Amino acid sequence: MDWKRKLREDGYIEFDGLRIELSLDNTFMDIDYIPRVLVYSEKTGRWHVLRNPIPKGRTLEEGWDNAVKVLDAIAKGELKPDLGEPAVEELLVRLLKALESR
């Protein structure tokens, strides 16, 4: 199964010490939730929030599809991830590129 479909169906994928998870956020107490990508690193023992903008969809499903599109752009080298932790960003890029080549 391809990683993008697995991520959308299961809500997360885990490989090589990283867990990539789709989530929702309403930090600013907006009426609508916005999609988020969370990355857990076994190495740091922390969750990291992908800070790249994710377009809000008309539905939650569309928002998560947009989140996967952002990760796909990172996998293709079109976008640099912003997690606030360079080592985790590099690992995420390597992992996504490896999954893309499968």
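The values are calculated or read from the model by the stated rules, or taken from the named source; none is laboratory data. This is a predicted model, so every value here is computed, not measured. No Cβ is skipped: glycine too gets one built from the backbone with ideal geometry, and neighbour counts run over all protein chains shown. Side chains are part of the model used for accessible areas, which takes the heavy atoms of the whole protein and leaves out ligands, DNA and RNA. Shrake-Rupley method; radii C 1.70, N 1.55, O 1.52, S 1.80 Å.
Find the strands (runs of 3 or more DSSP E) located wholly in the chain whose residues include 1 or more that are touching a His at 6+ places or on another chain (Cβ under 9 Å) and open to solvent by 50 Å² or more (accessible area, probe 1.4 Å), and list them.
Working: elements: 12-15, 18-25, 34-41, 46-49.
Where strands (runs of 3 or more DSSP E) fall fully within the chain and carry at least 1 residues being touching a His at 6+ places or on another chain (Cβ under 9 Å) and open to solvent by 50 Å² or more (accessible area, probe 1.4 Å), they are 34-41.
Taking region 76-99, which residues are over 14 Å from the mean Cα position of the chain (by Cα) and among the acidic types (Asp, Glu)?
78, 85
Taking region 57-75, which residues are over 14 Å from the mean Cα position of the chain (by Cα) and not hydrophobic (A, V, I, L, M, F, W, C)?
57, 58, 59, 61, 62 - these are the residues of region 57-75 that are over 14 Å from the mean Cα position of the chain (by Cα) and not hydrophobic (A, V, I, L, M, F, W, C).
Name the single residue that is modelled with the lowest pLDDT among those in region 5-53 being among the β-branched types (Val, Ile, Thr), over 14 Å from residue 89 (Cβ atoms) and touching a helix residue (DSSP H, G or I) at 6+ places or on another chain (Cβ under 8 Å).
34
Is there any pair linking a residue in region 84-97 that is at positive phi to one that is of a type in the set (Val, Ile, Thr) and crowded, with 16+ Cβ neighbours inside 10 Å, with Cβ under 6 Å and at least six apart or on different chains, and which?
none
Identify, by number, the condition in (1) touching a residue at least 12 places away in the same chain (Cβ under 8 Å); (2) within 21 Å of residue 91 (Cβ to Cβ); (3) not hydrophobic (A, V, I, L, M, F, W, C) that residue 65 doesn't meet.
Single failed check for residue 65: (2).
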